[in-house]
Structure formats: structure tokens, C-alpha cells
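Remarks on the structure that follows.
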Amino acid sequence: MTSFRIGLLGHGTVGAAFEALLDERAEAIERLTGRRPEIVGVLTRSRGDFDEILERSELVVELIGGVEQAYDYVRRALDAGRHVVTANKQLLSRHADELAALARERGVHLGFEASVAGVVPVIRVLRESLAGAHIDRIHGIVNGTTNFILSEMSRTGSGYEEALAQAQELGYAEADPTDDVGGADAAAKMAILARLAFDAPVHIDDVRYDGIAQITGADIAYARELGLSLKLIGTAERLPEGISVRVHPTFIAAGHPLASVGGSFNAVTVESDAITEITMSGPGAGGSQTASAVLGDVVAAIAGAPAASPPLERLPIVEDVTGAFYVHMEVDDRPGVLAQIAGIFGDAGASIKSVVQHGTGERAQLIMVTHPLARSRMEIALDAIGRLAFVRSAPRAISVIDEEFE
Ligand SMILES: NC(=O)c1ccc[n+]([C@@H]2O[C@H](COP(=O)([O-])OP(=O)(O)OC[C@H]3O[C@@H](n4cnc5c(N)ncnc54)[C@H](OP(=O)(O)O)[C@@H]3O)[C@@H](O)[C@H]2O)c1
């Protein structure tokens, strides 16, 4: 039996878990593939030499994170004809096209299952099982930190700051949670998924995103009365004019498969005419879970899975998408208020699906859910409503997904 030589870049949470898992599974992998995987060198900031490791390896596992250094190592490894497996979403959301082209040229495998949704095998499903399907839309909860925070706010009625502190205490959020709560992490993952779903280059700069810091416990409570729950949802959508990839806090109907995904779990829903809808869910992060996804890619490379995908053609990015909205307004509750607001929505082409009012007097809370309209039209309506004398604070709109798959 010959060994299969692996160079490991990074020995932190995932790198160390990968080494341990490989050790545990090496014999089973040898039975499966005929080759026994073996780590021939480890690189961290304080040990190992990249060139030496590259020289000795057939496959390089990149688990250092960050963009510049990781890009340099991955590019050099592919260029030298080594297979590469990485969990690095920031790297791929910026350089996937170039790296995939290089892998294709050199005839080697570029695996990145662990870069999105941890152990949930969404990349493999898009690349292989659904390779022949015409995918219309993907919705994903692809950031466990924000899903944990929003689930806590919903479960306990706590505010954003309190739920974030709880997430940090339990290790679900980093000391600097900016990339997670601001939506950048989810945006990078949606760029990776959109690229695979639509066979088109998608860069993180093509993804519009915002985070959850402006969400209040009251939003979640009001929306629950309307049968909605709040998630940070990534959407990749094929539209007649092109594609749209975005991440926003979004209310979803109780019957949607993502509504029940709680805690730090991730889930991705893929919609296509041919398949209706499939949903995959599971732990989105964690050392051993992510290491398991990395190992799956390593086994695929040993077994000679198909190398890289063909070159992709760019599609137009659509900025102004249509959807339903939850609108929160704080108003002085006097006769005629509802009629004036309804008139403004009517002028913008929006029809109202449901209305809830909380309290009376000078600071009544008025919550409306609209039927779908273009985001630009909603912005015009919000601007007009914000200028009405009886409106007490700037109105806020949050997207709503009201499909249910029965
Ligand atoms: N943690 C998760 O749950 C998770 C989930 C999904 C994906 N990922 C991805 O997996 C990757 C690794 O994450 P992690 O959580 O394992 O990170 P981590 O715990 O911070 O470990 C990073 C490792 O890389 C090494 N490293 C960093 N910069 C380096 C450089 N310039 N040269 C050489 N070595 C360097 C570090 O070396 P030192 O030991 O010397 O500091 C450390 O061993 C990231 O791309 C991350 O986004 C992580």
C-alpha cells in the first residue's frame, strides 16, 4: 500500500481537529481508496517551511484563514500540480475563478466543502447531485453566530446586545464579532454558493449585505404575531435580467423549511422547478465538524473525484429586487393615520397583506406586511412616510419570505 502525502497549513481549531480525525480515520480511508493518508508536514506561524512541505506533498490542506497569505500558498500549490482542500470562504469569495482555472489547467482537485455551512454537504450537492438542475433560488442560514443570537432573542425576549454577550460567553461568537453580525461572513459564503448554483462568476463585491445589529426584541415579538420568525438569510436568485445575491435580516413564514432552524445550526434550501425544494441542515462550524468536511474533500481527491468545473460566463447582477416587506412605524395614533399610510403604499404600488397595531396615543407601534414590490419603490414609500407629521421615528423595512412548501 502506498501512502497519500498531505501538507497541512494551519494547526488551529480546524487544523488540529483535522490532524486528529485523519489519524483516527486513516485505516478506514486506506480500505476505501487503497491509499493511506499521512501528514508529511505542518505549517504554522512558528513552525514548518512552506516550500519543503509543498515538495513532499501530493495534496495541500489550507486552514490558516485570511486572504493574502492563503491565496499565495494555494496558488503556488495548485501551480505546482498539487490538489488543494481549503475551508477559506474569504479566499474563495475573492479568487475562486482564478484558482479554479489554475486547478483545471493543472488537472488537480480544488475542494472547498468546508467553506460553507461546515459539515452540511451543500457544495457537493450543488457541484454533483444538482449539476444538471436549473437552480432558480437558494436561501441559506449560513452564519451560526447570528442564527444563535436571533434564536436567543426570540426564545428569551432579550435584546441584541444581551444575546450577543451570551453568544460570546458560550463560544458561538468571537471577541470581535464584526464579520459575523455585520453579514460579511454570510456574504462570502453566498458568493461561493451562487457561483456554483448559476455557473457564473460571483465575487463578494457583487453581494449586497447588511447585518442584525439594528434588530430589536420588539421586532421579533411583533412579527411572531404575524406568524413570522427572523433569520439572517442569504439569497441567491436567478431573475429574468440576471442574478441577485444578497444577505439581509429577513422574516420568514412559519411553514418555510428555514423557520425552524434554531441555535447555531446552518441550513440551505435549494429551489428548482425540477426538484421543487430541498433543504440541508446541520452544524455550520466547530473544529471537528469542519474537519470532517475537509476530510471528505481529501478522500474525494484520493479517490480521483472530478477536478475543477469548466470556465464560467458572467451574468448581470440585479440590484433592485422584488419582495415582500415587514414595515415598522412609530406613529401618533389619530384618525386618518392608517388611510394616509395606506395611500402612500398604494402610490408606490404596494398592497398591504396584514397590519398589527400596538399601543395607542403618541407612540403607537404600527406594523405592516406588504405583498411583493421592488425594493426601490419601498424606499420611496418609506421616505414619504418618514416625512409625515404624525410619524415619530424613521420607519424601518425588513424583507419577508412568505413562501411555504406544503
Ligand atoms: N473554526 C471554525 O469553526 C471554522 C468553520 C468553518 C471554516 N473555518 C475556516 O477554517 C480556517 C481555519 O480556521 P481556524 O478556526 O482553525 O483558525 P485558527 O484557530 O485561528 O488557526 C489558524 C492556524 O493558522 C496558522 N496561521 C495563521 N496565519 C498564518 C501564516 N501567515 N502562516 C502560517 N500559519 C499561519 C496559525 O498559526 P499559529 O498557531 O502559529 O498562530 C494557526 O495554527 C479559516 O479559513 C476559517 O474561516 C473555520
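The calculated FRET efficiency for the pair Glu52 and His358, based on their C-beta separation and a Förster distance of 56 Å, comes to about 0.25. What residue among Ile385, Ala186, Ile344 has its Cα farthest toward the positive end of the dipole of the chain, where the charges are +1 on Lys, Arg and -1 on Asp, Glu, each on the Cβ? About the Cα centre, the residue reaching furthest to the positive side is Ala186. By DSSP, the beta bridges lying fully in the chain are antiparallel in about 70 percent of cases. Each Lys and Arg contributes +1 and each Asp and Glu -1, all at the Cβ; summed about the Cα centre of the chain, the dipole is approximately 240 debye. Treating each Cα of segment 300-349 as an identical point scatterer and ignoring solvent, apply the Debye formula and state log10 I(q)/I(0) at q = 0.16, 0.18, 0.27 Å⁻¹. Values, matching the q order: -0.74, -0.83, -1.14. Derived scalar couplings between HN and Hα for segment 281-292 equal 9, x, x, x, 8, x, x, 6, 5, 5, 4, 5 Hz in order, rounded to whole Hz, by the Karplus curve 6.51 cos²θ - 1.76 cosθ + 1.60 (θ = phi - 60°), x for Gly and Pro. Could you give the Stokes-Einstein D for segment 263-402 in µm² per second, using the C-alpha Kirkwood radius, 20 °C, 1.002 mPa s? The Stokes-Einstein estimate is 111 µm²/s.
Pairs of Cα atoms nearer than 8 Å and 6+ residues apart set the relative contact order; for segment 258-406 it is 24 percent. Plainly put, the chain has a radius of gyration that is 1.04 times its Kirkwood radius, both from alpha-carbon atoms, as the Rg/Rh ratio.
Note on the chain: dipole from Cβ charges, positive end direction compared against Gly211, Val356, Leu78; the farthest Cα belongs to Leu78. Label-to-label distance for Asp72 and Gln168 is 3.2 nm, based on points extended 7 Å past Cα in the beta-carbon direction. What is the dipole size for segment 275-406, taken about its Cα centre, with +1 at each Lys and Arg Cβ and -1 at each Asp and Glu Cβ, in debye to the nearest 20? Once rounded to the nearest 20, the dipole reads 360 debye.
Summed over qualifying helices (DSSP H, 4 residues or more, each -39500 (n - 2.57)) and divided by its residue number, the chain shows a 222 nm mean residue ellipticity of -11500 deg cm²/dmol.
Name the GluC sites (Glu not before Pro) in segment 121-217 that are in a loop by DSSP and that have at most 16 other C-beta atoms within 10 Å, would you? Counting only loop positions with at most 16 other Cβ atoms within 10 Å, the GluC sites (Glu not before Pro) in segment 121-217 are Glu174.
For segment 227-316, a crude dipole built from +1 on the beta carbon of Lys and Arg and -1 on the beta carbon of Asp and Glu, taken about the Cα centre, is about 240 debye to the nearest 20. For the residues Asp273, Asp136, a 1.4 Å probe over the protein chains yields an accessible-area ranking, largest first, of Asp273, Asp136.
For segment 363-368, backbone phi angles converted through the Karplus equation (6.51, -1.76, 1.60; θ = phi - 60°) give residue-by-residue couplings of 10, 6, 9, 10, 10, 10 Hz, Gly and Pro being listed as x. Label-to-label distance for Ser3 and Asp333 is 7.4 nm, based on points extended 7 Å past Cα in the beta-carbon direction. Computed over protein heavy atoms with a 1.4 Å probe, the carbon and sulfur contribution to the accessible area of segment 96-240 reaches 47%. With contacts taken as Cα pairs under 8 Å and at least 6 residues apart, the chain reaches a relative contact order of 17 percent. Loop-resident GluC sites (Glu not before Pro) (DSSP state other than H, G, I, E or B) in segment 20-87 with no more than 15 further Cβ atoms inside 10 Å of their Cβ are absent. Remark: relative contact order (segment 206-344) = 20 percent; criterion is Cα-Cα distance under 8 angstrom and separation of 6 or more residues.
The per residue volume of the convex hull around the alpha-carbon atoms of segment 319-406 is 91 Å³. Computing FRET efficiency as 1/(1 + (r/R0)^6) for Arg45 and Glu128, where r is the C-beta to C-beta distance and R0 is 22 Å, gives about 0.05. Taking the chain as a Gaussian network of alpha-carbon nodes connected by springs under 10 Å, the highest mean-square fluctuation of the residues Arg314, Arg47, Arg392 belongs to Arg47.
Normalised by 2.2 N^0.38 Å, where N is the number of residues, the alpha-carbon radius of gyration of segment 112-261 equals 1.06. Take the Kirkwood radius over Cα pairs of segment 87-126, plug it into Stokes-Einstein at 4 °C and 1.567 mPa s, and you get 121 µm²/s for translational diffusion. Under Stokes-Einstein, with the Kirkwood radius over Cα pairs as Rh, the value for segment 18-80 at 4 °C and 1.567 mPa s is 100 µm²/s.
Solvent-accessible area per residue in the chain equals 42 Å², computed with a 1.4 angstrom probe and all protein chains kept. If you wrap segment 108-163 in the convex hull of its Cα atoms and look at it from every side, the mean projected area works out to 5.8 nm². Classified by the C-alpha gyration tensor, segment 13-132 has a rounded form. Its axis ratio a/c, with a ≥ b ≥ c, is below 1.5.
Segment 201-262 and segment 304-381 have Cα centres separated by 12 Å.
Binning all Cα-Cα separations of segment 360-406 at 5 Å, short to long from zero, yields these whole-percent fractions: 4, 16, 25, 23, 14, 9, 5, 3, 1.
The values are calculated or read from the model by the stated rules, or taken from the named source; none is laboratory data. If you're wondering where the values come from, they're calculated on a predicted model, not measured in any experiment. Here the Cβ is made from the backbone with ideal geometry for all residues, glycine too, and neighbour counts use every protein chain on show. Just so you know, the surface numbers come from the protein's heavy atoms only, side chains and all, with ligands and any DNA or RNA stripped out. Shrake-Rupley method; radii C 1.70, N 1.55, O 1.52, S 1.80 Å.
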